[in-house]
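Enquirer: Quick one: the structure is below, and I'll ask about it shortly.
The values are calculated or read from the model by the stated rules, or taken from the named source; none is laboratory data. Not measured: the values here are computed from a predicted model. Here the Cβ positions follow ideal geometry from the backbone for every residue, glycine too, while neighbour counts run over all protein chains shown. Keep in mind that these areas ignore ligands, DNA and RNA; they rest on the heavy atoms of the full protein, side chains included. Shrake-Rupley method; radii C 1.70, N 1.55, O 1.52, S 1.80 Å.
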Amino acid sequence: MKVVYSDHHLAHDPRAFIVRGRMQRSNEQPERALRLLAAARADGHEVIAPPDLGAGPRAAVHTPEYLRFLETAYARWRQLPDASEEVLPNIHPFPGQPCTYPESVVGQAGFHMGDTACSIGPDTWRAATGAANAAAHAAQLVADGERAAYALCRPPGHHAYVDRANGFCYLNNCAIAAQHLRQFHARVAILDIDMHHGNGTQGIFYRRSDVLTVSLHGDPRLFTPFFTGHAHERGEGEGLGYNLNLPLARGTGDDAYLAALAEACATIRAYAPGALVVALGLDAHERDPYQALAVTTPGFARITAEIARLGLPTVLVQEGGYLSDDLGPNLSSALRGFAGAA
Ligand SMILES: [Zn+2]
């Protein structure tokens, strides 16, 4: 399988991350992508760098003001007196209340950053656009006839909304891949198997019927992002019925996961999309630092084999999965499972 990978992520190394009130180094570290890359190379996959696709793919998903903010925020922030090394928000608009778009970069940080897990450093924009290019190029490879392609994206993307970063995510790589595929197919499905709800992806397509969004994830009553990912969120307006959330209990193992996946796949089959984007998080693993679900390493092969049996042109997009000795083997298992069933 072709692996699309940009090394522009290497200098994006966010320092700030507040966990239960304590500031610590982010879990979302460059080493993650290096381990995934090493695993893909060891399995003989061809690794290619994406071309610079320009602003088009990301502008098809995100607002101009948000893209301008992401590109310029760090330099503007550093001009403030006593500014920290990274852009972090400390004030947010209130839902349902009047909200004027602020001129100040401090105000814009609060407007465009949903939490403290998406700090912006000097190389964040370069990393995020490299990942978005990888996703868009993988989508183009599939549009050109590849059965499947894997975009090794870092930073991840599925928490990013149209105009808001959060949860380590800035540009929504899966949404960018799906939107790119819409040029070739009337309907595209996104299946999110990251341990966390794909809140940004859901938000981007919530009022649309041309992109089906399906997410399996740890129960949001227990796990971030808390506010979304509940089963009753089914879409709105034109999009009503085109969003499916399958929350899973803490400690869900392979068999129960596969039972939920069967429901997800039945919904995707009924939708009859022309292509599929998979948000391939590996943090549902039993030894991932999040310790939320309990999928095994061989379990990932069973999951991706089931996805491959949908028989759709498929873009696999890397999402979460954090540092542990199992990270590389989990990717190997996932890619082998897909290839073995395809
Ligand atoms: Zn995750």
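Enquirer: How much net charge surrounds residue 2 when only other residues with a Cβ under 13 Å from its Cβ are counted (Lys, Arg +1; Asp, Glu -1)?
Expert: Numbers: positive: 41, 147; negative: 43, 46, 144, 146.
Overall, the nearby charge balance is -2.
Enquirer: A follow-up question, please. Roughly how many Å² of residue 232 are accessible to a 1.4 Å probe, to the nearest 10?
Expert: 140 Å²
Enquirer: Can you give me the accessible area per residue for region 133-187, using a 1.4 Å probe, in Å²? Kindly include the intermediate steps, with their values, before the conclusion.
Expert: On the way: 1420 Å² over 55 residues.
Solvent-accessible surface per residue comes out at 26 Å².
Enquirer: Just how much of residue 302 is accessible, in Å², when a 1.4 Å probe is used and the result is rounded to the nearest 10?
Expert: 110 Å²
Enquirer: While we're looking at this one, here's another question. For residue 227 and residue 71, calculate 0.36 nm times their separation in residues minus their Cα-Cα distance, and state this gained length in nm to one decimal.
Expert: 53.4 nm
Enquirer: Quick check for you: with a 1.4 Å probe and neighbouring chains kept, what is the accessible area per residue of region 287-342, in Å²? Could the numbers behind the result be given before it?
Expert: Working: 1850 Å² over 56 residues.
Per residue, region 287-342 has 33 Å² of solvent-accessible surface.
Enquirer: If I model a spin label at residue 255 and residue 22 as a point 7 Å from the Cα along the Cα→Cβ vector, what separation in nanometres do I get?
Expert: Computed distance between label sites residue 255 and residue 22 equals 3.7 nm.
Enquirer: With the crude spin-label approximation of a point 7 Å out along Cα→Cβ, what separation in nm comes out for residue 263 versus residue 240?
Expert: 2.1 nm
Enquirer: If you roll a 1.4 Å probe over the heavy atoms of the protein chains, what accessible area per residue do you get for region 1-109, in Å²?
Expert: I get 58 Å² per residue for region 1-109.
Enquirer: Taking the Cα centroid of region 246-283 and of region 1-57, what is the distance between the two, rounded to the nearest whole Å?
Expert: About 24 Å separates the Cα centre of region 246-283 from the one of region 1-57.
Enquirer: Now for a different question. At 1.4 Å probe size, put 106, 142 in order of accessible surface, largest to smallest.
Expert: So the residues, ranked largest to smallest area, are 106, 142.
Enquirer: Residue 83 to residue 29: FRET efficiency via 1/(1 + (r/R0)^6), r the Cβ-Cβ distance, R0 25 Å, to the nearest 0.05?
Expert: Efficiency at R0 = 25 Å is approximately 0.60.
Enquirer: Percent of accessible area on the chain owned by carbon and sulfur, 1.4 Å probe?
Expert: The computed percentage sits at 52.
Enquirer: Here's something else I'd like to know. Enumerate the helices in the chain for which the Kyte-Doolittle hydropathy averages 0.0 or more and the C-alpha atoms extend at least 27 Å along the helix's axis, using complete DSSP H runs.
Expert: 124-143
Enquirer: So how strong a dipole does region 2-341 carry about its Cα centre when Lys and Arg Cβ are +1 and Asp and Glu Cβ are -1, to the nearest 20 debye?
Expert: 220 debye
Enquirer: How big is the antiparallel share of DSSP beta bridges in region 2-341, given as a percent to the nearest 5?
Expert: Antiparallel bridges make up about 10 percent of those DSSP assigns within region 2-341.
Enquirer: Please work out how much length the chain gains when fully extended from residue 41 to residue 341, using 0.36 nm per residue of separation minus the C-alpha to C-alpha distance, in nm with one decimal.
Expert: Contour length minus the Cα-Cα distance gives 105.9 nm.
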